[in-house]
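Report on one structure; see the data block that follows.
The values are calculated or read from the model by the stated rules, or taken from the named source; none is laboratory data. All figures in this text were calculated on a predicted structure; none of them were measured in a lab. Because the Cβ atoms are built from the backbone with ideal geometry, glycine has one as well, and the counts that use them run over all protein chains shown. In case anyone asks, the SASA skips ligands and DNA or RNA and just uses the protein heavy atoms, side chains included. Shrake-Rupley method; radii C 1.70, N 1.55, O 1.52, S 1.80 Å.
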Amino acid sequence: MPAADLASLKIHDSARARGATGKFLGYFAAAVGVLLLVGGALFALRNRTPVVELTVAQAAGDPAQQTLLNASGYVTPRTRATVAAKITGRVTGVFFDEGNRVKEGQLLATLDDSDAKRALDSAVADRDSAKAAIQDYEVQLRYAEIQLHRTQELKAANVQSQDQLDNAVTAADSLRAKIALAKQQVIASDARIREAQQVVDNCTIRAPFSGIIVSKDAQVGEMVSPISAGGGFTRTGIATIVDMNSNEIELDVNEAYIARVQPGQRTTATLDAYPDWQIPSHVRTVIPTADRQKATVKVRVSFDKLDPRILPDMGVKVAFYNEEDKKAATKRDEGPKPVAVIPKSAVHDADSGKAYVFLVKDAKVERRGVTLGKDRGSEVEVMAGVHSGDSLVARGPANLQDGDAVRVNP
């Protein structure tokens, strides 16, 4: 019995293995806990770093070049026309393509004129027939007048009766009336000839003015008509011509700012296709009516000098300049000029009344005193203290101090 009790106190090898595994898991858990504590501490410290929003000091530029108003619109030609036929007909010839330059009166297309020519030939035949009838009546009238003269002499000699004289007079008068009628028929035929010739001429479509073809709207074999006839199978236009020399800008300006726009005002246009190209321009006119739906007034701006790169329907942005500021800038004496323009939100006032900003360099802020200049709405001129391109704190905590490390809000 004692031997059995002692054997029960023996530790088996499997129990030893389980104990070693337990110790390893314990150490691993402790290491993970330490890492979590360190990471949490670092995260807490990181969150304690002030978060700021940055802005960049911009070049001040010429005060006379400050824009009074900005608006966007499109390039539109004053002279633009969709050329159409005056009659309904089938296209037999098209003598242009998109991009072709055309001159006033140049042939663009032809329509089937076979029916019109047949009507013209018929009118000419009627006129010729009436002229031939006049010649026949004139021959008969000469004979009738001879007969009338003879009858009058015989009547005077009491050889012919009064009835025979009356018949001779009637025959001559009837021929004169027929000649007059035939002459009127000739005049009517001439009118029909001109009408038929006009229809023939309408089968030829010519350019109404010089310009560039921007749209080819009909092909050979298609039906065209000045009115919409035949549903989608009938064209109403032949081509669209634009006079590139009449290109200008059409803008919709908010009616709240239309008082800032005057005819002749200096502007600068920037095409969306060429954002680095500033085109001198000026206000041509302000259309004296407003759009009640959009609360805008239409303004037309003319280019000072046209360029082949300016195409119809291009998007464009226009900056309007204040002429009074320009005149004041040219009259005042040369003095200190601002070195930069910054948002007002980046400027702080110290207790002493001196303004300062926080520059950001290598993730740290540097307090820098500045000398302010002219107010520009939401911005202010800086005469000294910062330079164009400097990174400044636009928004940040109120307790930000010189030398603090910061984190930039992306």
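Pairs meeting the criteria (first residue in the stretch 256-271 and in contact (Cβ under 8 Å) with a residue 12 or more places away in the chain, second residue among the small types (Gly, Ala, Ser) and open to solvent by 50 Å² or more (accessible area, probe 1.4 Å), beta carbons under 9 Å, at least 6 apart or on different chains) are Ile258/Ala290. Among the residues of the stretch 111-142, just one is of a type outside the set (D, E, K, R) and touching a strand residue (DSSP E or B) at 6+ places or on another chain (Cβ under 8 Å), namely Leu111. Test Val283 against the stated conditions and say whether it is open to solvent by less than 20 Å² (accessible area, probe 1.4 Å) and either among the polar types (S, T, N, Q) or touching a residue at least 40 places away in the same chain (Cβ under 8 Å) (or both). Criteria not met by Val283.
Which of the strands (runs of 3 or more DSSP E) found entirely inside the stretch 71-147 contain at least 2 residues meeting this: open to solvent by 50 Å² or more (accessible area, probe 1.4 Å)? Answer list for the stretch 71-147: 80-83, 89-94. Of all residue pairs spaced 6 or more apart or on separate chains, those with beta-carbon atoms under 8 Å, a first member in the stretch 369-385 that is touching a residue at least 12 places away in the same chain (Cβ under 8 Å) and over 14 Å from Val357 (Cα atoms) and a second member that is β-branched (Val, Ile, Thr) and surrounded by 15 or more Cβ atoms within 10 Å (Cβ to Cβ) are Gly373/Val380; Gly373/Val382; Lys374/Val380; Arg376/Val341.
Close Cβ contacts (under 6 Å, 6 or more residues apart or on different chains) running from residues in the stretch 87-113 that are in contact (Cβ under 8 Å) with a residue 24 or more places away in the chain and under 19 Å from Ile213 (Cα atoms) to residues that are of a type outside the set (S, T, N, Q) and surrounded by fewer than 13 Cβ atoms within 10 Å (Cβ to Cβ) comprise Val91/Val220; Val94/Val220; Leu107/Phe95. Considering only the stretch 245-256, I want to know if a residue exists there that is among the polar types (S, T, N, Q) and modelled with pLDDT under 90. No; the residues of the stretch 245-256 include none that is among the polar types (S, T, N, Q) and modelled with pLDDT under 90. State whether one or more residues within the stretch 202-212 are under 22 Å from the mean Cα position of the chain (by Cα), part of a strand (DSSP E or B) and either surrounded by 12 or more Cβ atoms within 10 Å (Cβ to Cβ) or of a type in the set (Asp, Glu) (or both). Yes, there is a match, as at least one residue in the stretch 202-212 is under 22 Å from the mean Cα position of the chain (by Cα), part of a strand (DSSP E or B) and either surrounded by 12 or more Cβ atoms within 10 Å (Cβ to Cβ) or of a type in the set (Asp, Glu) (or both). Being within 42 Å of the chain's Cα centre (by Cα) and part of a loop (DSSP other than H, G, I, E, B) is the filter; apply it to the stretch 339-385 and report the residue that is nearest to Thr55 (Cα to Cα). Within the stretch 339-385, the match that is nearest to Thr55 (Cα to Cα) is Val347. You will find that of Glu323, Glu334, the residue that is under 30 Å from Arg300 (Cβ atoms) and either basic (Lys, Arg) or at pLDDT below 85 (or both) is Glu323 and no other.
Per-residue answers, yes or no, for (1) charged (D, E, K, R); (2) in contact with an Asp or Glu (Cβ under 6 Å, 6 or more places away or on another chain); (3) open to solvent by 90 Å² or more (accessible area, probe 1.4 Å); (4) not in a helix (DSSP H, G or I):
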residue: Ala171; (1), (2), (3), (4): no, no, no, no
residue: Arg176; (1), (2), (3), (4): yes, no, yes, no
residue: Ala182; (1), (2), (3), (4): no, no, no, no
residue: Ile187; (1), (2), (3), (4): no, no, yes, no
residue: Ala196; (1), (2), (3), (4): no, no, no, no
residue: Val200; (1), (2), (3), (4): no, yes, no, no
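Ser228 meets each of the listed conditions (1) of a type in the set (S, T, N, Q); (2) part of a loop (DSSP other than H, G, I, E, B); (3) modelled with pLDDT of 90 or more apart from (3).
Taking the numbered list (1) touching a Ser or Thr at 6+ places or on another chain (Cβ under 7 Å); (2) surrounded by fewer than 18 Cβ atoms within 10 Å (Cβ to Cβ) in turn, Glu248 passes all entries but (2).
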